[in-house]
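First the structure, in the form of structure tokens, and then the observations on it.
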């Protein structure tokens, strides 16, 4: 791992409140910590398109805000972020568009305010 990759990993770990857990077995982590580890691994992949399924499930408000901030930063870095969620607060924090799907059908598409 080069210095740039290490700095990126350190930032992700710090932003998601995971310092001190680098050597912890995943089964020893809480549900919220496991969720943040999953998000961290997706962020570290450096993909242009990222798909998250309920990224804030099991997180407290502070960690939900940190995830929303990171998703916003990724979008500002010209990445496509697709999020499946039931969390209206998360949607209001960073979305550009909402696709509402109900019973397998697109109910509506609208731009966020």
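For every helix of n ≥ 4 consecutive DSSP H residues, a contribution of -39,500 (n - 2.57) applies; sum these over the chain, divide by its total residues, and give [θ] at 222 nm rounded to the nearest 500 deg cm²/dmol.
Values: 4 runs with 50 residues, N = 113.
The per-residue figure over the chain is -14000 deg cm²/dmol.
For residue 28 paired with residue 111, estimate the spin-label separation in nm (one decimal), with each label point 7 Å from Cα along the Cα-to-Cβ line.
So the label points at residue 28 and residue 111 sit 5.1 nm apart.
Under a 10 Å cutoff between Cα atoms, tell me which one of 68, 44, 28 has the largest fluctuation in the Gaussian network model of the chain.
28
Work out how much length residue 65 to residue 49 would gain on full extension: take 0.36 nm times their residue separation and subtract the Cα-Cα distance, in nm to one decimal.
Values: separation 16, 0.36 × 16 = 5.76 nm, distance 2.09 nm.
Taking 0.36 nm per residue and subtracting the Cα distance, the gain is 3.7 nm.
Quick one: compute the contact order of the stretch 3-111, relative version, from alpha carbon pairs under 8 angstrom and 6+ residues apart, as a percent.
Values: 101 pairs, mean separation 23.1, N = 109.
Reported as a whole number, the value is 21 percent.
What number does the stretch 3-111 give for Rg over Rh if you use C-alpha atoms and the Kirkwood radius? Walk me through the intermediate numbers first.
Numbers: Rg = 14.7 Å, Rh = 14.9 Å.
Reported Rg/Rh, Kirkwood definition of Rh: 0.99.
Bear in mind that the values in this text are calculations on the coordinates, not laboratory data. Note that this is a predicted model, so its numbers are computed, not measured. Quick reminder, even Gly has a Cβ in these numbers, built from the backbone with ideal geometry, and neighbours come from all protein chains shown.
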